[in-house]
Each structure stands twice: as structure tokens, then as C-alpha cells.
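First up is the structure itself, then whatever we jot down about it.
The values are calculated or read from the model by the stated rules, or taken from the named source; none is laboratory data. All values reported here derive from a predicted model rather than from experimental measurement. Here the Cβ positions follow ideal geometry from the backbone for every residue, glycine too, while neighbour counts run over all protein chains shown.
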Amino acid sequence: MSKIKIGLFGFGTVGQGIYEVVRKSKNADAEIVKICVRSLDKPRAIDRRYFTDSASEILENPEINLVVEVIDDAQAAYSIVRSALLKGIPVVSGNKTMLARHLPELIEIQKTHDVALLYDASSCGSIPVIRNLEEYYDNDLLLEVKGILNGSSNYILSRVFDHEESYAGALSQAQALGFAESDPSFDIEGYDSLFKLIIITVHALGTYVAPEEIFTYGIATIHDSDIRYAREKRVKIKLVAQVVKVSEEHFTMFVMPEFVTPDKYIYSVDDEYNGVVIRGECYDRQFMFGKGAGSLPTASSILSDIMARLHDYRYEYKKRNYIQKPDYTTDITLRIYARYSDTDIRGILRFERIREQYFGEESNYLIGDIRLSELLAKREALRGKDVFLANIPQFFLDRDH
């Protein structure tokens, strides 16, 4: 491809970061031609002639040969990305929500219109997870991808466990520093991690699973008693997303808080960092670590995709095409910690086995074995503010010691 002429959608924190890294990169051979924003009235530090509030000024501009989309409106992002691809314009996107909901359709458009969509920045910021899954792990030996995919929740939990701050205080600090939004529910309830996991799974195992089919549980209801329990057991609580093959024919996936022991790689992933463990049949575990969010880390990932387009790079979705794909299942048994007070956990959930119970004045907890399908079916009944769930990991214990 000749010099890349970019039409940029969005000029918030990430969009400004992209402008800076493209401008500073000596080898990018790229320039931003036009920037589409919601409002032209907002004061900005660069020449106003760059800006437009009309998407068609970019999509109909014959000079532009790459669209970069970094807006926070998932539906608007979908419309922009779809329109660009249908016109044969390659796209780089960082919108995990949009991708997680529309990826099968966008993959088909890429195929039928012979056009590329790249989105490494959508999952784990500066960590090149998707490119590695596409190129290095392009075989059927992969067993698991597991990790901390959300920097905001990880920052909060790091302040709690490493600095002995309260959860409420850590959340306020994360908001003050810009790591968490004024409404932090997207991060702390696990949806950010969920959408990233969906995208990762498409490249890890070749299969798409819709968000509503995946059990997702966050840290919004964590309580001092949960933190005390974890400290007594000398573990940390982390919000963990994972996809794992449970047999040759089946895989499962979920997002939950987890009790993480000091011998695990993700135990030491702190602050706003992300960490991803990739496990395979012949190579055991490999670990990727880096900043998962923020203006410049995300922009650097976007720049990597821009540079890749100089060489006409595109995802081949190899595992969707030539590897026998495993089927998704929730018919597996997990071991969970369930803390509650007023909510009748024993009445709501059917445990296969109760291993430990505690009744106290402040709260109660139990540890038991339960089907993932049961958690998924009863998830709405588990939304009470007096309930907190955490996974006690059981996969690959025989390989970790």
C-alpha cells in the first residue's frame, strides 16, 4: 500500500493519542487527513480545518484509504465500520463493545468485499494478544487463554490488597485518576472483560459466543468480609476472564472474581496493568503483560495496526476456516465461594456438593461445587447487593505444581 491517508473518527483521549503517535512516528508513512467529531464547537489544540462533524466527508473522500474508529458510542461505531467496509475502505477499530456484538457479520463483510478490519487495540490495549493468537498460535494445540483484561477493576483491587485501602476509597481514587468512569459499572461488573474475552475467543478457538450466553460476574458487591477471607488464605481477589478447552470437542468461558494464589503469573499483575496467560498442549504457559488502557498505550496498538496495513496485513481467521472448532458448553462444574446475608443462596442455587459453610452475624459464606449452567440460569437472582461470588480455580491444577 502507498502512503496511508487516515480518516479518524473520535478525538477524545485515545483519538488525541493517535494523533500524537502518528505525528511522532518517523516510519509510519501515514498522515491524518480528516477527523470526525460530535461537536465542532469544542476548543482543540490543533488546526480546526482538520475537523468535520459529517461522517460522509471521510467515507466519501477518495483520498482516504484507511478509517480509524475510536469513538465511545458502540452503535455509531458499528454504523461507521460497516459503512466503510462495504465501501471497500479498510478499518482499524478499538471498540470492543461493537466488535463483540457484531463480529460474525463484520467477518463476513471482510470476506465478501475483500477488505480488512484490524482491532488489536480492542483487547488489552498495548498487549498484542489478537495478533499473536492469529499468527503464533494458529493451530489446535491451544488449551486456555486466561487473564486480567480490565485495568480499572485491577487498579481498584490492587489498592485494596497491596495498599490495604477500602474498596470504596480505591474506587474513588480510580475515578479521580481517570482509570474508572463516574459510572464504573461497565468495568467493575465485568462487561469490559466479557467483550474482550469474546473477541479473543474468536481468534483463540475460531468460535463466536454471544455476550448473553456467557456467565459474567464482577466485583461491584465485594465486601470487607471477602477481603478478610482472602487475606486469611493468603490469596488476592482478581477479576479474571478465561476461555478453556475442557475436552477435544468442547470449551467453556466465563468472567468472575477469582482467588489467585502467589504462584500464579496474574497474582503480580497490579495497578492498571493487564496480564494474559496462554496455555498450550506442548508449550505449557506463556505470559503477556502490559498496560491495558490509557491514551498512549491504546494509541500505540492502533499505530501497530496502521503500520500493518502498509503491508496489506489482515486477519485470516484461520481457526474459523480450517481447524475443527470445539463447541461451547456450560455443562461443567466450578468450585465457588459464595458470601451472602439476606439472600437465600441455598434456596436459589443447586450445589452438587457443599464443602464448607460459615454462619456469622455480619455475613455467611459457603464453598461448593456447582454447574456453570446453573450460575448462568440463576444470574439475575444473584444480583443482590449482599451477594458476592468468586471462583476457586480447578482447571490444570495437576500441571501447575
Only one residue in Thr207, Thr221, Thr261 is surrounded by fewer than 20 Cβ atoms within 10 Å (Cβ to Cβ) and either among the hydrophobic types (A, V, I, L, M, F, W, C) or closer than 30 Å to Ser363 by Cα (or both). Which one? Thr261
Being within 30 Å of Tyr322 (Cα to Cα) and under 12 Å from the mean Cα position of the chain (by Cα) is the requirement here; does Ile214 meet it? no
I need the strands (runs of 3 or more DSSP E) fully contained in segment 276-359, keeping only those with at least 1 residues that are modelled with pLDDT of 90 or more, in the same structural domain as Ser225 (by TED's automatic domain parsing) and touching a Gly at 6+ places or on another chain (Cβ under 6 Å). 284-291, 353-359
Report whether or not Ile392 is more than 24 Å from Ile148 (Cα to Cα) and surrounded by fewer than 19 Cβ atoms within 10 Å (Cβ to Cβ). no
Give the residues of segment 277-287 that are of a type in the set (A, V, I, L, M, F, W, C) and crowded, with 18+ Cβ neighbours inside 10 Å, sorted by residue number. Val277, Ile278
Residue by residue through segment 360-376, note down the ones that are outside any strand (DSSP E or B) and farther than 20 Å from Thr330 by Cβ. Gly360, Glu361, Glu362, Ser363
Condition check: touching an Asp or Glu at 6+ places or on another chain (Cβ under 6 Å), buried (at least 19 other Cβ atoms within 10 Å of the Cβ) and in the same structural domain as Glu374 (by TED's automatic domain parsing). Does His250 satisfy that? no
For segment 289-316, name all the residues that are over 17 Å from Val21 (Cα atoms) and surrounded by fewer than 17 Cβ atoms within 10 Å (Cβ to Cβ). His311, Asp312, Arg314, Glu316
Need the failing condition index for Gln173 against (1) buried (at least 24 other Cβ atoms within 10 Å of the Cβ); (2) out of contact with any Gly (no Cβ under 9 Å at 6 or more places or on another chain); (3) over 21 Å from Glu374 (Cα atoms), just the number. (1)
Regarding segment 5-26, can at least one residue be identified that is within 22 Å of Tyr313 (Cβ to Cβ), touching a residue at least 40 places away in the same chain (Cβ under 8 Å) and loosely packed, with under 13 Cβ neighbours inside 10 Å? no
Tell me whether segment 183-204 contains one or more residues that are surrounded by fewer than 16 Cβ atoms within 10 Å (Cβ to Cβ) and in contact (Cβ under 8 Å) with a residue 12 or more places away in the chain. yes
